[in-house]
Amino acid sequence: MKKYKIAVIAGDGIGKEVMPEGQRVLDVVASRYGFALDYDELPWSCDYYVKHGSMMPADGLQQIRNHDAVYLGAVGLPSAVPDHISLWGLLIKIRREFDQYANIRPVRLMPGIASPLANRKVGDIDFIIVRENSEGEYSSAGGRMYEGTEREIAVQESIFSRHGTDRIMRYAFELTRRRARKHLTSATKSNGISITMPFWDERFHAVASEYPDVKTDQYHIDILTAHFVRFPDRFDVVVGSNLFGDILSDLGPACTGTIAIAPSANLNPERLYPSMFEPVHGSAPDIYGRNIANPIGMIWSGAMMLDHLGHTEAAEAVVRAIEAVLQEGPKTPDLGGKASTKDVGRAIAEAIS
Ligand code: GGG
């Protein structure tokens, strides 16, 4: 039986509550489809930082290098560790080390969830955000001067390389080409951000010339956010920089009713290194400990992991089970229900066909 080695990092806050539900569902589907998942549970988190002074051990990246994938819950406990320390010490460190440059974030209106937007039904909203995940605005180049004085300065550079920009564009075009509508939208702001964004636009058009079968358009990020809210059904695939992609991938799922169900994949498309799968939501310390967090983003991210490992049918079975439970099963309070995290996890595991 094929066995996969999965590095499991539940992380902080509700990550610790939703992770066991993700594993519960993955175990059921794996045994149904004839493979196994061998979990290496790693306690790396803000709690770990408080005890050891770092988010992971010095050889942490080495420890996970030979795994088939990383399954991650959530990172952040601002009352104990500043957010930029926890994010850069764990999540971004893994993305960078393993060159997970394509962050794939599907946005879909699911059955049983009322979209906050009027007159939208299942099938109307179904698009994918492709977020550049290795550079752009998420750069640590810069510094502070004259700290604590009236003259204090903070400078941070955005870095857009031709290599990094072209490869995310190409990934987005290849993905779009495989979809029915073949429509790729680029998020830009080249009227205001006058160096990096015109460069982003140039590379978008240069790569577009290799894909005449793909319909393209581009919007400045400000009007694009308005279009997400007013016309989410217009989008098929949206490619954005690290920051724009991050913002859009909270807004998109919010338009489908809740960010809590949104999954994501941090992919190293060349498969030279492990890819990482995590819900879009964060650690939500305000609801941690109450067993009310919605585990669907975690579970759906697990489905994306199975798809990446080549188990497409098993991945589809998980998504079908999520849809069945959203339609008729227990719901957590964010979706208007009274069920617990565990109730929803168990119901999805039982619905696996
Ligand atoms: N689910 C992972 C998590 O905790 N994400 C929180 C977050 O702020 N992520 C920022 C990012 O994706 O760049």
Q: Diagonalise the Cα gyration tensor of the chain and give the resulting equivalent ellipsoid semi-axes, square root of 5 times each eigenvalue, largest first, whole Å.
A: 30, 26, 21
Q: Could you tell me what percent of the accessible area of the range 286-353 is made up of carbon and sulfur, with a 1.4 Å probe and every protein chain present?
A: 46
Q | Extension gain (nm, one decimal) between ALA36 and GLU210, 0.36 nm per residue minus Cα-Cα | A | 58.6 nm
Q: List the relative contact order of the chain as a percent without decimals, with contacts defined as Cα pairs under 8 Å and 6+ residues apart.
A: 23
Q: Using R₀ = 35 Å, calculate the FRET efficiency as 1/(1 + (r/R₀)^6) where r is the Cβ-Cβ separation of ARG290 and SER353; round to 0.05.
A: 0.65
Q | the range 47-102, relative contact order in percent, only Cα pairs under 8 angstrom and at least six apart counted | A | 33
Q | Using a Förster distance of 35 Å, the FRET efficiency for ILE85-ASP166 (Cβ separation, nearest 0.05) | A | 0.65
Q: At most 16 other Cβ atoms within 10 Å plus a DSSP loop assignment makes a site exposed; report the longest stretch of the chain without any exposed trypsin sites (Lys or Arg not before Pro).
A: 1-120
Q: Take the cross-link list LYS121/LYS182; LYS121/LYS189; LYS16/LYS331; LYS16/LYS93 and give me the ones stretching past 23 Å between alpha-carbons.
A: LYS121/LYS189
Q) Hey, with R₀ at 41 Å, roughly what FRET efficiency would GLU97 and PHE231 work out to, going by the Cβ-Cβ distance, to 0.05? A) 0.60
Q | Calculated [θ] (222 nm, deg cm²/dmol) that DSSP helices of n ≥ 4 give over the chain, each run adding -39,500 (n - 2.57) | A | -11500 deg cm²/dmol
Q | Residue-normalised accessible area of the chain, given per residue in Å² at a 1.4 Å probe | A | 43
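Once fully extended, how much extra length lies between GLU316 and TYR146, figured as 0.36 nm per residue of separation less the alpha-carbon to alpha-carbon distance?
55.7 nm
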(Q) Full-extension gain between LYS5 and ASP250, please, as 0.36 nm times their residue separation minus the C-alpha to C-alpha distance. (A) 85.2 nm
Q: Give the residues of the range 73-98 whose amide nitrogen is closer than 20 Å to a point set 7 Å from the Cα of ARG65 in the direction of its Cβ.
A: 89-98
(Q) Using alpha carbons only, how many angstrom separate the centre of the range 54-108 from the centre of the range 125-156? (A) 17
Q. When the accessible area of the range 1-157 is split by element with a 1.4 Å probe, what percent falls to carbon and sulfur?
A. 49
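The values are calculated or read from the model by the stated rules, or taken from the named source; none is laboratory data. Just so it is clear, the model here is predicted, and its values are computed rather than measured. For neighbour counting, all protein chains shown are included, and Cβ atoms are generated from backbone atoms with ideal geometry for every residue, glycine included. When the accessible area is computed, the model is the full protein with side chains, heavy atoms only, and any ligands, DNA or RNA have been set aside. Shrake-Rupley method; radii C 1.70, N 1.55, O 1.52, S 1.80 Å.
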